[in-house]
Amino acid sequence: MKSEQLVQTEIRAELSKNKHIVFRGNVGKVQTIEGRWFDTGLPKGFPDLFGFRGTDKKMFFIEVKNERGKPRNDQIQFHKFLQSQNVIHGIARSAEEAITIVENGLIGHGF
């Protein structure tokens, strides 16, 4: 079974190869040298990847999961928000699935 990190790397490469602009949403908390905690500031449940299509510049969001991964409650809540805004997004377990979500403009795929 592939790790989510490997699946994410494959997705980023394939989306870029297909002329889509894609960014990785680095989320989480880290401790500074001074001992303070720093939060990246993205909302809870924010998808792993986001960007815009090369063809029409429409935004998309991709939550990356391996074959066994399941969305957390905060990810489901973010999905509901994106769905209410009619935004292209979904769960991708492979590069092919991510391309399908983005290029077909799917909304909520895999949730």
So for Ser94, Ser16, Ser3, fewest C-beta neighbours within 10 Å to most, what's the order? Ser3, Ser16, Ser94
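Subtract the Cα-Cα distance of Phe52 and Ser16 from 0.36 nm times their separation in residues, and report this length gain in nm to one decimal.
On the way: separation 36, 0.36 × 36 = 12.96 nm, distance 1.05 nm.
Taking 0.36 nm per residue and subtracting the Cα distance, the gain is 11.9 nm.
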Qualifying GluC sites (Glu not before Pro) for the stretch 23-111 [loop in DSSP, other Cβ within 10 Å: at most 12]: Glu34, Glu67
Quick check: the angle from helix 73-84's long axis to the longest principal axis of the chain, C-alpha only, nearest 10 degrees? 40 degrees
Describe numerically, in nm with one decimal, the distance between label points set 7 Å from Cα along Cα→Cβ at Gln5 and at Asn26. 1.4 nm
Consider all pairwise Cα distances in the chain and report the whole-number % of them above 24 Å. 24 percent
At most 16 other Cβ within 10 Å, DSSP loop - trypsin sites (Lys or Arg not before Pro), the stretch 1-110: Lys2, Lys19, Arg36, Lys44, Lys57, Lys58, Arg68, Arg72
Asn66 to Phe81: extension gain in nm, 0.36 nm per residue of separation minus the Cα-Cα distance? 3.1 nm
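Every number in this text was worked out from the coordinates using simple rules, so none of it is lab data. Remember, predicted model here, so these are calculated numbers, not experimental data. Neighbour counts are summed over all protein chains in view; Cβ atoms, including those assigned to glycine, are modelled from backbone coordinates with ideal geometry.
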